[in-house]
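Beneath this line is the structure, given in structure tokens, with notes to follow.
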Amino acid sequence: MMRIYTFLFMFLFFGFVSYSQSLKVKGGTIINANGQEVILKGMGLGGWMLQEPYMMQLGGIAGNQTEIKGKIEALVGKENTEKFYNYWIANHCTKADVDSLASWGFNAIRLPMHFNLYTLPVDQEPVAGKNTWIEKGFQLTDSLLSWCKANKIYLILDLHATPGGQGNDNAISDRDKTKPSLWQSEANRKKTIALWEKFAARYVNEDWIGGYDLINEPNWGFQNANDKNGCSEKLNKPLVAMYKQLTTAIRRIDKKHIIIIEGNCWGNNYEGFFPLWDDNTVMSFHKYWNNTHDGSIKKFLDYRKKYNVPIWLGETGENSNTWMTEVIRLCERNKIGWTLWPLKKSGLNNPLQVKLNDGYKQLLEYWKGFGRKPTSEEALSSLMRYAADTKNQNNIFHKDVTDAIMRQVTTEETVAFKPHVIKPNLTVYACDYDLGRAGIAYHDIDSANYWVDDTYHVEWNKGGQYRNDGVDIEPCADRLTNGFNIGYMQDGEWLLYSLSAPEAGTYDVKVRTSSPINGGMVQLFINGTAVSGFVPLPNTGHFQTWKNTLVKNVTLQKGTNMMKVLVVRGGFNLNYMQFVTPETVPTNSIKEDN
């Protein structure tokens with residue numbers, strides 16, 4: 001009997017231990033309750049609880065969410081504005097989003113929270129100094145946490161917009177610059193502390209809460225008002241003092257969860273922070289549009305080594321696939337967790353894209369001063385359609401982005417973007433080249449933007465369509481099209497395509513191009529061997545007037561074949577390559593037709 005009790009005790013004890021997944025700090029690493037090191041691979045849910053104008057194509061139209069709301073209210077009224085925002089919140093993040101992230105390989109989500117979903121602004125409190133709590137924000141967070149738990153994903157709470165706002169980059173925190181900031185108002189600071197106490201009390205026993213990210217991207221010049229974003233700050237005394245107060249308040253309630261701090265200057269200036277005050281703390285830094293070698297993060301690697309504290313890349317992304325692959329490889333070879341930003345927006349360089357309906361596009365034109373003013377009914381209909389299109393099922397999925405940030409990080413292998421099974425009249429659209437790293441699946445002169453370091457802004461996809469690689473893809477008006485062609489072709493660029501041939505065979509290939517100039521040339525390779533000479537391309541008179549050039553006698557082996565299209569001389573657009581039954585017309589290698 002004693003043996004049975006002992007067995008049951010051990011089963012229950014070790015079963016409980018193995019189930020607990022709560023994170024904590026051990027030296028310079030993050031570990032779970034079983035002592036296993038955890039590398040957080042996360043995604044930020046930007047745009048859900050807090051709208052930044054650029055995510056909605058509102059750059060230059062509105063400066064922050066408050067201004068967005070004001071413009072909408074001026075068109076549709078206060079009641080309909082609330083209707084839009086409720087619909088936005090209901091659709092923008094659902095269980096399907098969390099399920100998708102889990103299926104792609106993510107193990108963490110960073111939730112950017114706007115304080116006004118949880119409590120009133122200080123100047124709207126019925127009783128000064130008291131806090132009114134709004135259950136809506138907490139319920140939304142509870143629902144998200146339940147979806148995370150179901151998918152074994154850590155949820156990191158990120159106070160993205162503090163009471164009053166934490167910086168001079170007003171869009172980030174929805175700061176109203178006519179009112180006192182977080183740093184100019186003791187009432188705002190007290191409310192921020194009280195809010196974190198509420199979070200700590202509510203989530204103290206939740207193992208799948210990965211940590212508390214106290215203040216997103218502080219950017220404030222404390223010593224010098226002209227240093228607007230705090231990048232030259234040497235002391236950071238108010239910021240450090242605030243972090244210490246927040247830590248003390250949280251630790252009175254929750255001694256378990258990791259506390260995440262961010263330096264000044266959008267998370268990167270840690271002058272005056274050391275020694276740290278809590279041994280279960282992680283230092284976050286953010287990284288955008290700069291170099292991706294080890295030297296680019298040396299400062300943070302040195303902090304980790306010197307102070308024995310974990311570092312975490314809490315926000316990065318919004319660059320080309322190449323850049324994001326490089327950044328994640330940089331992190332993972334240095335055992336640093338990372339979080340991309342954001343999951344979705346009305347733009348290309350994220351996994352999910354929110355479509356712009358025609359009515360919303362017209363609304364943007366009106367706000368820019370070019371279009372007619374829509375009626376209230378028209379504006380509301382367009383806005384509600386836009387909110388509906390934020391739902392996962394209605395998003396455009398960019399599998400090239402998820403492939404770049406997950407699979408391409410660990411392998412140089414290419415895989416087919418779409419299946420190309422060889423048969424007569426098979427059309428291989430040019431923009432459906434293989435998934436893979438730059439220099440392996442394709443070569444383009446510009447493949448990423450490093451402007452913070454080199455000061456040169458590069459549009460890696462000059463057409464801004466379809467995929468997020470360096471290949472320049474634009475809308476296509478040809479009679480046979482998938483909607484896109486490759487443009488801005490430059491000498492030496494090339495594309496690789498995986499072809500599957502059920503049987504060995506010989507085909508002619510129609511290369512469909514357009515150009516208003518003479519001199520364009522391509523060369524075709526199969527499995528590394530040239531199957532054509534330099535093929536001259538016709539002057540079609542316009543970049544959207546198309547003609548075929550026939551490359552004859554292209555032989556494929558049974559099974560997989562790799563076709564490479566080399567741009568010998570650029571200056572043309574490329575729509576597709578079409579495999580056709582060989583013609584009997586005598587020719588050496590090339591024939592033009594329409």
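Taking the criterion of being over 35 Å from the mean Cα position of the chain (by Cα), aliphatic (A, V, I, L, M) and over 20 Å from V415 (Cα atoms), the residues of region 494-549 that qualify are A504, V509, I517, M521, A530, V531, V535, L537.
If I filter region 72-82 for residues that are in the same structural domain as I336 (by TED's automatic domain parsing) and hydroxyl-bearing (S, T, Y), do I get at least one hit? For region 72-82, residues in the same structural domain as I336 (by TED's automatic domain parsing) and hydroxyl-bearing (S, T, Y): absent. When the residues of region 479-493 are narrowed to those that are touching a residue at least 60 places away in the same chain (Cβ under 8 Å) and part of a strand (DSSP E or B), which ends up nearest to T545 (Cα to Cα)? If we take residues in region 479-493 being touching a residue at least 60 places away in the same chain (Cβ under 8 Å) and part of a strand (DSSP E or B), then N485 is nearest to T545 (Cα to Cα). In region 357-406, of all residues being among the polar types (S, T, N, Q) and assigned to a loop (DSSP other than H, G, I, E, B), the one that is nearest to M49 (Cα to Cα) corresponds to T390. Among the residues that make up region 120-139, is at least one of them surrounded by 20 or more Cβ atoms within 10 Å (Cβ to Cβ), at pLDDT 95 or above and in a strand (DSSP E or B)? Looking for residues that are surrounded by 20 or more Cβ atoms within 10 Å (Cβ to Cβ), at pLDDT 95 or above and in a strand (DSSP E or B), one finds none in region 120-139, hence no.
Going through K298, K255, K335 one at a time, which residue ends up being in a loop (DSSP other than H, G, I, E, B), more than 24 Å from D169 (Cβ to Cβ) and within 29 Å of the chain's Cα centre (by Cα)? Break it down into steps so the answer makes sense when it comes.
Details: K298 fails: in a loop (DSSP other than H, G, I, E, B); K255 fails: within 29 Å of the chain's Cα centre (by Cα).
Result: K335 is the single residue among K298, K255, K335 that is in a loop (DSSP other than H, G, I, E, B), more than 24 Å from D169 (Cβ to Cβ) and within 29 Å of the chain's Cα centre (by Cα).
Just to be sure I understand, how many residues within region 456-473 are of a type in the set (V, I, T) and either modelled with pLDDT of 95 or more or within 16 Å of the chain's Cα centre (by Cα) (or both)? Number satisfying all stated conditions: 2.
Tell me, yes or no, whether region 531-544 has at least one residue that is within 30 Å of K345 (Cβ to Cβ) and at pLDDT 95 or above. So that I can check it myself, show each step before the final result.
So in region 531-544, the residues within 30 Å of K345 (Cβ to Cβ) come out as 543-544.
From the residues that got through so far, the ones that are at pLDDT 95 or above too are 543-544.
Checking region 531-544: at least one residue is within 30 Å of K345 (Cβ to Cβ) and at pLDDT 95 or above.
Starting from residues that are under 8 Å from the mean Cα position of the chain (by Cα) and not in a loop (DSSP other than H, G, I, E, B), keep the ones in region 341-356 and report whichever is farthest from K287 (Cα to Cα). Residue satisfying both the conditions and the ranking: K344. Considered as a group, the residues in region 396-432 that are within 16 Å of the chain's Cα centre (by Cα) and among the β-branched types (V, I, T) include one that is surrounded by the fewest Cβ atoms within 10 Å (Cβ to Cβ), and that residue is I396. Residues of region 536-574 that are surrounded by fewer than 17 Cβ atoms within 10 Å (Cβ to Cβ), farther than 19 Å from Y488 by Cα and not aliphatic (A, V, I, L, M): N553, T555, Q557, K558, G559, T560. Selection over region 465-478 of residues that are in contact (Cβ under 8 Å) with a residue 60 or more places away in the chain and either farther than 22 Å from H398 by Cα or surrounded by fewer than 17 Cβ atoms within 10 Å (Cβ to Cβ) (or both) gives a count of 2. Scanning region 444-454 for any residue that is without any contact (Cβ under 8 Å) to a residue 24 or more places away in the chain and in a loop (DSSP other than H, G, I, E, B) turns up nothing.
In this structure, is D213 under 22 Å from the mean Cα position of the chain (by Cα), closer than 18 Å to N107 by Cα and of a type outside the set (G, A, S)? Before you say what the answer is, go through the steps one by one.
Working: under 22 Å from the mean Cα position of the chain (by Cα): yes; closer than 18 Å to N107 by Cα: yes; of a type outside the set (G, A, S): yes.
Taking the combined requirement at face value, the residue satisfies it.
Rundown of residues vs (1) outside the structural domain of N107 (by TED's automatic domain parsing); (2) more than 29 Å from I72 (Cα to Cα); (3) in contact (Cβ under 8 Å) with a residue 60 or more places away in the chain, yes/no style:
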{"site": "W289", "(1), (2), (3)": "no, yes, yes"}
{"site": "I297", "(1), (2), (3)": "no, yes, no"}
{"site": "I336", "(1), (2), (3)": "no, yes, yes"}
{"site": "T339", "(1), (2), (3)": "no, yes, yes"}
{"site": "S346", "(1), (2), (3)": "no, no, yes"}
{"site": "E365", "(1), (2), (3)": "yes, no, no"}
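Scanning region 371-385 for residues that are without any contact (Cβ under 8 Å) to a residue 40 or more places away in the chain and surrounded by 19 or more Cβ atoms within 10 Å (Cβ to Cβ) turns up just one, S382.
Taking the numbered list (1) at pLDDT below 95; (2) within 28 Å of P582 (Cβ to Cβ) in turn, A448 passes all entries but (2).
Quick check on G559: is it in the same structural domain as A416 (by TED's automatic domain parsing) and more than 17 Å from F525 (Cα to Cα)? Even if it seems obvious, please write down each step before you answer.
Working: in the same structural domain as A416 (by TED's automatic domain parsing): yes; more than 17 Å from F525 (Cα to Cα): no.
For G559, the condition - in the same structural domain as A416 (by TED's automatic domain parsing) and more than 17 Å from F525 (Cα to Cα) - is not met.
Would you say L435 is touching a strand residue (DSSP E or B) at 6+ places or on another chain (Cβ under 9 Å), at pLDDT 95 or above and surrounded by 13 or more Cβ atoms within 10 Å (Cβ to Cβ)? Spelling it out, L435 is indeed touching a strand residue (DSSP E or B) at 6+ places or on another chain (Cβ under 9 Å), at pLDDT 95 or above and surrounded by 13 or more Cβ atoms within 10 Å (Cβ to Cβ).
Report, by residue number, each residue of region 157-185 that is touching a residue at least 60 places away in the same chain (Cβ under 8 Å) and either at positive phi or not assigned by TED's automatic domain parsing to the domain that holds E197 (or both). The one that is touching a residue at least 60 places away in the same chain (Cβ under 8 Å) and either at positive phi or not assigned by TED's automatic domain parsing to the domain that holds E197 (or both): D174.
Counting only residues that are touching a Leu at 6+ places or on another chain (Cβ under 6 Å) and either crowded, with 17+ Cβ neighbours inside 10 Å or hydroxyl-bearing (S, T, Y) (or both), give me the helices (runs of 4 or more DSSP H) lying completely in region 157-252 with at least 1 of them. Walk me through how you get there before you give the answer.
On the way: elements: 170-173, 186-203, 237-251.
So the answer is 186-203, 237-251.
If you filter region 33-61 down to residues that are of a type in the set (G, A, S) and touching a residue at least 12 places away in the same chain (Cβ under 8 Å), you find that the one that is farthest from N91 (Cα to Cα) is A33. Screening region 36-75 for residues that are part of a helix (DSSP H, G or I) and of a type in the set (D, E) and picking the one that is nearest to D358 (Cα to Cα) gives E73.
The values are calculated or read from the model by the stated rules, or taken from the named source; none is laboratory data. The model shown is predicted, which means the values in this text are computed figures rather than measured ones. Quick reminder, even Gly has a Cβ in these numbers, built from the backbone with ideal geometry, and neighbours come from all protein chains shown.
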